[in-house]
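Heads up: the structure comes next, in C-alpha cells.
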Amino acid sequence: MEGLKKGFQIEFGSFSTNHLVDYHMTHVEPLFNLAPKKRLLNFESDFSQNSNSSFSKNYSLNRTSFPRGEIGFSNGVNTNFLSVQNHAEYISNLSGGYNVNYTHNATHGLFTDLYEARCNINKVTTEPSRVVQERWRSFFARSHPKELCLEICQSQGAAHVRNALLGMSKNERQRIIILAVAPAVIIPKNLARDVYNIFSSADDIYLFDRKGWKANKQEATFLPPYSGARIKRAIFKHLYWDHNFQSLTYKDTIQRIITNYINHPYEG
C-alpha cells in the first residue's frame, strides 16, 4: 500500500507538461498540458474535502455468500450510494441471490468526478483504487489460495480497477477475473487471470482513452444495442445513451459470465 501512496502523488508544478508516475515511482508518460499550479494532487481527500462529500468505502449486501469465491463491483462517475447499492443488488439477482461486496466510488459532483476520471485514465491513482485493493486482499486472506474472485466494474470504475491491478503482485492478479462494462479504459488481459471488456456500439466512452484504445482495441467486444438505445442513438447520435450499467444491452453477457464464474470459482 505504501507503493500505491507514493506512486499517486504527482506535482502539478511550474512545468508546461506534467508526467505520471506509476506505483513504484517510475516514469510512465506525459499527462497533458496544464496551466502552472503549485500544489499536489493528493489522495481522494483532495476531492472529498474540497467538495464536502463522502469518502469511498467498501460495503456488502450481506446476502448468502458463495460456497467458493466472491463477486465485487466498482461504479463510475456521479453515482450516489443508493445507486451503487442498486447495481450491486442487480448483480446479486443475476447470480441467483448471492452476496456482492462492492466499493462505492464516492461522487463529488459531475465535473469534479470527470476531472478525477481524466486523471485515472492517465494512470493517476485516487483513493477508490486503494479501497478496491483492500477488498480484494480481504478476500485473499479468508479464502483458499486457489479461489478466484470476479470483479465487475463500469465506466470510471474500470480505470480505478485497472490502476488497482497495477499495484497488485502477479500472483494476486492471477486470482482476479475482470468484467468491465462500458469501461472508461480497456483493461489489458495481462493484468488479471481473465478480462472481458464489453461495450455497446451505441456508446462512445472508449474515445476518452484514445491511446489505450489504439493499443488494446483488439481486447474490446462490442454488443449491438437493445432497440430502445438504438432509436435514441439515431436521434441524438452524438450523445452516450447506452452507457447505463443496467442497460439491457449488457444483461445477457453479464449473466453468462457470472454463471460461468459460479461454475468455475477455482484455478485450474
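FYI, it's all coordinate maths here, none of it is from the lab. Bear in mind that the values here come from a model prediction, so they are computed numbers and not experimental data. Neighbour counts run over all protein chains shown; Cβ positions are idealised from the backbone, glycine included.
When the gyration tensor of the range 53-263 is built from Cα positions, what are the square roots of 5 times its three eigenvalues, in whole Å, from largest to smallest? Write down the numbers at each step before the final one.
Working: eigenvalues 123, 73, 60 Å².
For the range 53-263, the semi-axes come out at 25, 19, 17 Å.
Just want the ordering: R210, R137, from fewest to most Cβ atoms lying within 10 Å of their own Cβ.
R210, R137
So how do T253, T112 line up by other beta-carbon neighbours within 10 Å, fewest first? Present the calculation step by step, with values, prior to reporting the outcome.
Details: T253 15, T112 18.
So the residues, fewest neighbours to most, are T253, T112.
With each pseudo-label sitting 7 Å past Cα toward Cβ, what's the L248-N99 distance in nm, one decimal?
3.4 nm
Beyond 15 Å, how much of the Cα-Cα pair distribution for the range 138-208 remains, as a whole percent? Each step should come with its number before you reach the end.
Values: 1249 of 2485 pairs.
Across the range 138-208, Cα pairs with separations above 15 Å total 50 percent.
What length, rounded to one decimal in nm, is gained on full extension from N260 through to Y59, with 0.36 nm per residue of separation minus their alpha-carbon distance?
Details: separation 201, 0.36 × 201 = 72.36 nm, distance 2.43 nm.
So the extension gain works out to 69.9 nm.
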